[in-house]
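The values are calculated or read from the model by the stated rules, or taken from the named source; none is laboratory data. Just so we're clear, the structure is a prediction, and the values are computed from it rather than from any experiment. Cβ: placed from backbone, ideal geometry, glycine included. Neighbour counts: every protein chain shown. Just the protein is used for accessible areas: all its heavy atoms, side chains included, with ligands, DNA and RNA removed. Shrake-Rupley method; radii C 1.70, N 1.55, O 1.52, S 1.80 Å.
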Protein chains: 2
Amino acid sequence: MGDSTGVKAARRNISADERRRQLVAAALRVMKRDGIAAATTRAICAEAGMPHGAFHYCFHTKKDLYAAVLASDREIDLDDAWPEIRPDASPEENVRTLLSAYWSQVEADPGAQLVLYELGTVALRDPELQDLPQIEHRESVEKATGYISRLAKEAGLTYLREEGVLADLLLATLNGVTWSWLSHRDDARARASLDQFAGLLATLVRA
Amino acid sequence: MGDSTGVKAARRNISADERRRQLVAAALRVMKRDGIAAATTRAICAEAGMPHGAFHYCFHTKKDLYAAVLASDREIDLDDAWPEIRPDASPEENVRTLLSAYWSQVEADPGAQLVLYELGTVALRDPELQDLPQIEHRESVEKATGYISRLAKEAGLTYLREEGVLADLLLATLNGVTWSWLSHRDDARARASLDQFAGLLATLVRA
DNA sequence: ACAGGACTTGGTCACTTGACCAAGTCCTGT
DNA sequence: ACAGGACTTGGTCAAGTGACCAAGTCCTGT
């Protein structure tokens, strides 16, 4: 109303790249809230506040969107939630607090985890998307390796196995516990499994 | 041709229950081969060699079929593939051979595992199906507990933790390793994780 | 200023999918 | 034998869905 140009209002053009980002974000929101099946091109555009026609201007095909989402869907990140590690505490205790920090993030957003599995199954079935889970998995292992190595530094300990091997197993177990938890939804039970595993991992550590 | 009644051929009526079984089996075949998204009512009927109309005579709704498939989709079974356990071998070695026997079954039919995750995600999103993963999970834990306890008996060892707790963690890790393997498809790497885990489990055992 | 490309929008299309139904055919109990 | 219910079949329907397009509007380089 304050604008003297009147009704025409603001139709500012946005770069296609920016729109792509918005669509990916909107798609992720819809998927988390209503599941991947509900994430139709129309629902995504509506969530992003765009007309439906915008979709195929930004993405040639819906598969392209999936690819973009998969590439953007970085999973849980501890960089901003790194717990306090005490060199004087037992290794088991330190491992436990680290896993607990990770788990808090999982518990905070179950939908995000579920979307990860939904996207994974879709990608694993589609020949055109099959490499993406592999890439994502490699990046996860690298990130986990980084955390493991940081833990060693801060807690002042050494591993009896190669860090990559530990990261592999750790990642698998975390994924498995998450999957189980999505099924039974028993927080205590999931944390119990995690604590058990922390105890086992501490076996492979020398202070 | 040998039938004197001629062209009319065999139109034998089958009980609805039997048809339901056939449809569930056909659905599982289609899902394993082409993914859950390809398992349309038509595709399933075609796979089962039935006309499309038969579907909604046997199942009121497609969700009912999902429920039936989920209920029937018993996962990996070691009863017919139980390995030889030697009381004179080390606990770690025995755990390892048990996990290896399990893993051979996973490797033999990757599609079956993927379908499990696909069905899981679908069920977890649908309020009407949400209890099914929970039930399935409980049954899995019970079965795993049975195997763990059988291992103890045959190998002559005792656990330092409650068997249910071990089963919970074991199940999670197996699931996680499977998921990772579906992504990277590196057989050796999956088995390496499993061997590591066997070593850790052996920590919780007393001969 | 203005040409030309980047962006925007609503509408349309071919196709699939789950659901349903009416008109049959078979089969069992009496 | 035969009534009545269980089973069978092909066809149809409404509701989406991804894809595409033509006619615009905006904006930047020259």
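Between A:S104 and B:R161, how high is the FRET efficiency from 1/(1 + (r/R0)^6) when r is the Cβ-Cβ distance and R₀ = 35 Å? Nearest 0.05. Efficiency, from the Cβ-Cβ distance: 0.90. Averaging sequence separations of C-alpha pairs under 8 Å and six or more residues apart, then dividing by the length of the range A:91-206, give the relative contact order as a whole percent. Relative contact order of the range A:91-206: 41 percent. Over 21 Å between C-alpha atoms is what I'm after, so list which of B:K32/B:K62; A:K63/B:K63; A:K63/B:K62; A:K62/B:K62 land there. Table pairs above 21 Å Cα-Cα are A:K63/B:K63; A:K63/B:K62; A:K62/B:K62.
Charge tally around A:V24: other residues with Cβ under 14 Å, Lys/Arg +1 each, Asp/Glu -1 each, net +3. For chain A, the relative contact order comes to 21 percent (Cα pairs under 8 Å, sequence separation of at least 6). P(r) tail for the range A:33-108: Cα pairs beyond 15 Å make up 69% of the total.
Enter the accessible area per residue of chain B (Å², integer; probe 1.4 Å; all protein chains in place).
Result: 51 Å² of accessible area for each residue.
Computed over all pairs of different Cα atoms, the Kirkwood value for the hydrodynamic radius of the protein assembly as shown is 23.9 Å. Computed over chain B, the per-residue total of -39500 (n - 2.57) for DSSP H runs of n ≥ 4 gives a 222 nm mean residue ellipticity of -22000 deg cm²/dmol, rounded to 500. Other residues within the sphere of radius under 10 Å centred on the Cβ of B:R74, judged by their own Cβ, net out at -4 (K and R +1, D and E -1).
Count the net charge of all other residues whose Cβ sits under 13 Å from the Cβ of A:S193, scoring Lys and Arg as +1 and Asp and Glu as -1. With Lys, Arg at +1 and Asp, Glu at -1, the net is -1. In the assembly of identical copies, A:E84 has its label point, taken 7 Å from Cα in the direction of the beta carbon, separated from the corresponding points by 5.7 nm (ascending, one decimal). Chain B contacts chain A over a buried accessible area of about 3500 Å², both sides summed; the probe is 1.4 Å and only protein chains count. Label-to-label distance, A:K63 versus A:A89, with points set 7 angstrom from Cα along the beta-carbon direction: 4.8 nm.
Along the axis of the charge dipole computed for the protein assembly as shown (Cβ charges of +1 for Lys and Arg, -1 for Asp and Glu, origin at the Cα centre), the listed residues A:S100, A:A37, B:H184 are led at the positive end by A:A37.
What's the Kirkwood radius of the range B:114-207 in Å, using all Cα pairs?
So the Kirkwood estimate lands at 14.9 Å.
Does the range A:6-72 come out rounded, prolate or oblate, given a ≥ b ≥ c as the square roots of the eigenvalues of its C-alpha gyration tensor, rounded meaning a/c under 1.5 and, failing that, prolate meaning a/b above b/c? Prolate is the answer for the range A:6-72, as a/c is 1.5 or above and a/b outweighs b/c. About the centre of its Cα atoms, chain A shows a dipole size close to 760 debye [charges on the beta carbon of Lys, Arg (+1) and Asp, Glu (-1) only; nearest 20 debye]. Going from the chain on its own to the full set of protein chains, the range B:96-120 has these residues losing 30 Å² or more of accessible surface (heavy atoms, 1.4 Å probe, no ligands, DNA or RNA): B:L114, B:Y117, B:E118. Looking down the axis that turns chain B into chain A, the chain B residue with its beta carbon nearest that axis, and the gap rounded to whole angstrom, comes out as B:G176, 1. FRET efficiency for the pair A:A207 and B:D80, taken as 1/(1 + (r/R0)^6) with r the Cβ-Cβ distance and R0 = 51 Å, rounds to 0.65.
Each copy carries B:R161; placing its label point 7 Å along the C-beta direction from Cα gives inter-copy distances of 1.4 nm, listed from smallest up. Spatial offset of the range B:130-192 relative to the range A:143-207 amounts to 17 Å, using the alpha carbon center of each. Taking all protein chains as they are arranged and a probe of 1.4 Å, the heavy atoms of A:E163 leave approximately 60 Å² accessible to solvent.
Computed over chain B, the P(r) curve from all C-alpha pair distances, binned at 10 Å from the origin, holds 8, 28, 28, 19, 11, 5, 2, 0 percent per bin. Averaging the Cα positions of each part gives two centres, and for the range A:104-125 and the range A:53-103 these lie 11 Å apart. Can you list, shortest first and in nm, the gaps between the label point of A:P51 and those of its counterparts in the other copies, using a point 7 Å from Cα in the C-beta direction? Label point to label point, same position, other copies: 4.6 nm.
Whenever you get a sec, compute what percent of the accessible area on the range B:91-206 sits on carbon and sulfur atoms (1.4 Å probe). Mind showing how you got there, number by number?
On the way: 2260 of 4550 Å².
C and S fraction of accessible area: 50 percent.
Counting only aspartates and glutamates at least 8 places from B:K153 when in the same chain, there are none with an alpha carbon closer than 12 Å to its own.
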